[in-house]
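The values are calculated or read from the model by the stated rules, or taken from the named source; none is laboratory data. Values in this document were obtained by computation on a predicted structure and should not be read as measured data. Cβ placement follows ideal geometry from the backbone for every residue including glycine, while neighbour counts extend to all protein chains displayed. Ligands, DNA and RNA are excluded from the accessible area calculation, which covers all protein heavy atoms including side chains. Shrake-Rupley method; radii C 1.70, N 1.55, O 1.52, S 1.80 Å.
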Amino acid sequence: MLKKLLALSLLIVPQLFAAPAATSLRVGPLLENPIGYGERDLQFSWQLPEGRQIAWEVRCSSSAEDLPGKADLWSSGRRDSDQSLFVDYEGAVLDSRDQLYWTVRYWNEANEVSPWAPVSKVELGLLHATDWEGQWISHRDHPAGEAWYAPHFRKDFQVGKSLKQARLYFAAEGIVDFSINGQAVSDHYFAPGWPDYRKRRLARVVDVTSLLERGENAIGAVLADGWFSGTLLFSKRDRNGGVPALLCQLELSYEDGSRYVLASDGSWKVATGPVVSADFYDGERYDARLELGAWDEAGYDASGWGWPQAREVDRELPINSYAGPAVKVVERIAPVSWSRSATGSIVYDFGVNLVGVPRIALPLREGQQIELKFAEALDPDGSPHYENLRSAEATDRYVAASSGLAEWSPRFSFHGYRYLELIGMPEELAPQADWVESLVLSSEVPSTGEFSSSVDDWNQLQRNIRRSQLGNFLEVPTDCPQRNERLGWTGDIQVFGPTASFNYQSLAFLEKWCRDLRDGQYASGKIPDVAPDVMERVRPTGTPAWGDAIAIVPWDMYQKYGYKKILRDNYQSMIAWVAYYDLETAANDGLWIDYGYSDWLQPFQENTERPLRGDTSRSLLGTAYYARSAAILAWTAEALGESHDATLFAKRAEAVRDRFAEAFFEGGILKPREDGQPTQTAYLLALAFDLLPEEDRPVALGELERLIVEEAGGHLRTGFVGTALICRTLTRFGRSDLAYEVALKEEYPSWIYSIRQGATSIWERWNSYSQEEGFNGAKMNSLNHYAYGAVGQWLYESVAGLSEAAPGYRKLRVAPQVGGGLSSASAKLDTPYGLAESSWEVKEGRFSLLVRVPPNTSASVELPDGGSREVGPGEHAFSCEL
């Protein structure tokens, strides 16, 4: 009897494990429980709570309840490996709509097994054009290429049986908001997103099970121009053209195993409503008198509505399901002050330069119209500055349907602003704080990094970097969110990528954008200046430092996340880009031609023949980037196991380096050239990209020091390209003291100068604005442009001392560079393996360092006294005399 009781107790008492369960289970580019995943090839990642892993086991099933016991899709068995990132799925082939549930356990260094992790899930979207059963529908009266009403579509349907699940699959030529039974299906803005419309459409999937009721139901959709047919580029009416259209299907799966599909087609009903027009540049016009009542609820009388124009799905045009970051409200900001202007309008100050939309709650009369205008800063007379909007109207308009409290927020536009001018409120009404609120919009990328130091200005700089990244990571990495631009400029993210990946988890976001970049690549191999490419008809492309994003961004993301797939996906495009360089330089003795943006917006430019492009030789800069992309291509081939390619590409990279050194330098000193002058950026490129023989580098460094100290008084003289390199390169070559001097300068041009002028974001120009004189007069002048924020990489990796020594932070390098009079600095980063930290302080001549190493990784620690340590996971403290 006693034996039976003991046996029973073993069954009912939980097993005790020495190793805790894995956490943070993620799929592909580190997505958690994605729905609508667009690829059948999966990679699994997880984190260890502590220690190291020596083996793992993954089990996958089509049913969560079956795990861990039954794995009908894949059971890996024990694999003796320390790999915990991007483990390839090797199970049954997946297809559209499939749901895969998975869990993992691991063995620690003591060969003790962990419990199975909580079950995670990935659900695939529609992978084939033939999966779409409906038709594209649009309003038949919508004039092509013109701003017009946002059409409302609706359809009644029945849920007749016990429902298991419901999924809404949708794509759009434009942007669309769906609702079911009067409730929004998601909190996304601008869905399904922005692809290169010449090559594909994007699709999203939403779980709408909870919105459906037994019996009568209704689905509704509001469709706006968005990026498909809205205003883009620099001239007022340069619209993309076309008529917005949507494609959707609502799939109901019943408990009895049957299925019902409601697809968009000519049987839906359509009408215009209160959204009179909506445009990203010009704003949204909303007339509440035109509201349609409960138009998206069952039982609504739509007898006065029309029938949509329907067209068949083009089976040759890909419709890619996408489960990456969606645009959402990520912050709500109340005004910090407000005042009446001389014209009677009310100007609200939100305290920071943000990207988003307003939400109003105003006491209005029936038929009363108000206008909302947006500005990044005020002119010296206190009035909002609108000139830097250029042709963008950036104005929202609202007309009240009845007297009383009117609550509204735009859904189909966004603005870059700090100041909101409210026009149309009677002067006898005292302005109230709760009349307006700002909803900050961004693609929902998780925050991962923190930096702080004893320099208050640098702490503000870090906040400004994060603010500009958040505002410009809106569907694609944009620029200038206030004016008629807002495009995915390649050169900007090329220099900013490492900084971006520290502050926010940027992998999935930039993986999607790299596809946009590939979609824009020309047959010649050249890369467009923006992606998605909407400038094909406007200006030439294939620009050095801009087009090189096709090599540099994937390589940087591999370094920061260890994600080889992004290299594999872009490998052929990298090859084609370097081949384009080969072709363009062949007739110019192996050198790049005199073309490109060069060191864009370099201050104190002397060359007046090519405004804004700086004084660095464009041939030199282009050849330097030719060498850089050639080197990255060789490293990529090696990382992918393409050894033959790696050898060939390394020889080409060496040849380009040699040609660069021969053509532009002699003994480490720049040769005189008619197409450029000796600049900081010219020397920075040569040093940072290792383009000079080692024996010539000290001389080149000395010339760089002279240009900074003697000719610039310790200031930088760099534009978009050189600024990303200056502090990191000086530090790498032993002049961290000079890097500190440059970064701590307070006068123009410097990072702190903008902060002293009240900056709350990164500026496009070093002298964009001053408190005394206002804007500098240039219309191409944004106060929200992250390129100069690339200095963040130096702050995190050199000042705080936290960087990757192996891809994905599999090994860390902790090497703080103490200087500049700082008494402390700290960087914390949620790496793919877990939290890493390097925090130091100096007190009474003694240096103290706290290092946190994530589980399943290691770190090399370098102290200021020359000492070094190799450490494993956990917290470690070090100190030394300075």
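Odds and ends about this structure:
- A straight line joining the Cα centroids of region 156-213 and region 282-329 runs 10 Å.
- Gain upon complete extension [Ile669, Asn111; 0.36 nm per residue less C-alpha separation]: 195.0 nm
- Legend: calculated FRET efficiency, Glu536 to Asp82, from the Cβ-Cβ distance at R0 = 60 Å, rounded to 0.05, equals 0.80.
- DSSP assigns beta bridges within the chain; of those with both partners inside it, close to 95 percent run antiparallel.
- Centroid-to-centroid separation of region 476-493 and region 683-714 [C-alpha atoms, Å]: 31 Å
- Ranking Ala203, Ser573, Pro540 by how far each Cα lies toward the positive end of the dipole of the chain (charges on Cβ) leaves Ala203 at the top.
- Checking every one of the chymotrypsin sites (Phe, Trp or Tyr not before Pro) in region 540-606 against DSSP loop status and a limit of 14 other Cβ atoms within 10 Å picks out Tyr595, Phe604.
- Sparsely packed GluC sites (Glu not before Pro) within region 718-764, loop by DSSP, other Cβ within 10 Å at most 14: Glu746, Glu747
- Percent of Cα-Cα distances greater than 16 Å, calculated over region 371-454: 66 percent
- Accessible surface for the chain, divided over its residues, is 37 Å² per residue with a 1.4 Å probe.
- Heavy-atom accessible surface of the chain: percent carbon and sulfur, 1.4 Å: 47 percent
- Computing FRET efficiency as 1/(1 + (r/R0)^6) for Ser258 and Thr23, where r is the C-beta to C-beta distance and R0 is 35 Å, gives about 0.35.
- Value at 222 nm in deg cm²/dmol, rounded to 500, when DSSP H runs of n ≥ 4 in the chain each add -39,500 (n - 2.57): -7000 deg cm²/dmol
- Distant-in-sequence amide contacts of Gly283, defined by a placed amide H-H separation under 5 Å and a gap of 5 or more residues or a different chain, comprise Ala394, Thr395.
- In Hz, Karplus ³J(HN,Hα) per residue of region 355-362 (6.51, -1.76, 1.60; θ = phi - 60°; x = Gly, Pro): 10, x, 9, x, 10, 10, 9, 10
- When the charge dipole of the chain is built from unit charges on Cβ atoms (+1 for Lys and Arg, -1 for Asp and Glu) and taken about the Cα centre, the candidate among Ala342, Ser438, Ala859 whose Cα reaches farthest toward its positive end is Ala859.
- Residues whose amide H falls under 5 Å from that of Gly774, counting only those 5 or more places apart or on a different chain, are absent, with hydrogens built in the peptide plane.
- Between region 50-77 and region 800-818, the alpha-carbon center distance in angstrom: 32 Å
- Calculated Rg and Dmax of region 682-731 using C-alpha coordinates, Å: 10.4, 29
- Trypsin sites (Lys or Arg not before Pro) restricted to DSSP loop in region 159-247 with at most 12 other C-beta within 10 Å: Arg198, Arg214, Arg237
- Label separation (Arg198 vs Arg289): 4.4 nm, computed from points 7 Å beyond Cα along the C-beta direction.
- Residue-wise HN-Hα couplings along region 441-452, as the Karplus relation 6.51 cos²θ - 1.76 cosθ + 1.60 with θ = phi - 60° gives them from phi, are 10, 6, 4, 6, 9, x, 5, 10, x, 10, 9, 8 Hz; Gly and Pro carry x.
- Given their separation in residues at 0.36 nm each and the Cα-Cα distance between them, Arg332 and Ser63 gain 92.9 nm when the chain is fully extended.
- Label point 7 Å beyond Cα of Ser770 along Cβ direction - residues of region 704-730 with amide nitrogen under 12 Å: none
- For region 352-410, the dipole from Cβ point charges (+1 on Lys and Arg, -1 on Asp and Glu) about the Cα centre works out to 200 debye, to the nearest 20.
- Segments 419-428, 349-358 sorted - mean Cβ within 10 Å per residue, highest first: 349-358, 419-428
- Overall Cα dimensions of the chain, principal axis frame, Å, largest first: 93, 83, 60
- Label-point gap, in nm, between Thr343 and Asp690 - each point 7 angstrom along Cα→Cβ: 5.8 nm
- Interchain or long-range residues, amide H under 5 Å from Ala401's placed H: Ala288, Arg289, Gly367
- Estimated distance in nm for a label pair at Lys811 and Asp156, the labels positioned 7 Å out from Cα along Cα-to-Cβ: 6.9 nm
- Karplus-based coupling profile of region 176-183, in residue order and whole Hz: 9, 10, 9, 9, 10, 6, x, 10, with θ = phi - 60° in 6.51 cos²θ - 1.76 cosθ + 1.60 and x standing for Gly or Pro.
- Of Lys269/Lys328; Lys121/Lys564; Lys564/Lys811; Lys564/Lys828; Lys121/Lys164, those spanning more than 19 Å from alpha-carbon to alpha-carbon: Lys269/Lys328; Lys121/Lys564; Lys564/Lys828
- The length gained by stretching the chain between Lys121 and Ala184 to full extension, at 0.36 nm per residue less their Cα-Cα distance, is 20.3 nm.
- Near Leu744: Cβ cut-off under 15 Å, other residues only, Lys/Arg at +1 and Asp/Glu at -1. The net charge is -3.
- For Glu387 and Leu163, a Förster radius of 51 Å and the Cβ-Cβ distance give a FRET efficiency of 0.35, rounded to the nearest 0.05.
- One compactness figure for region 801-882 is 1.03, namely its Cα radius of gyration divided by 2.2 N^0.38 Å.
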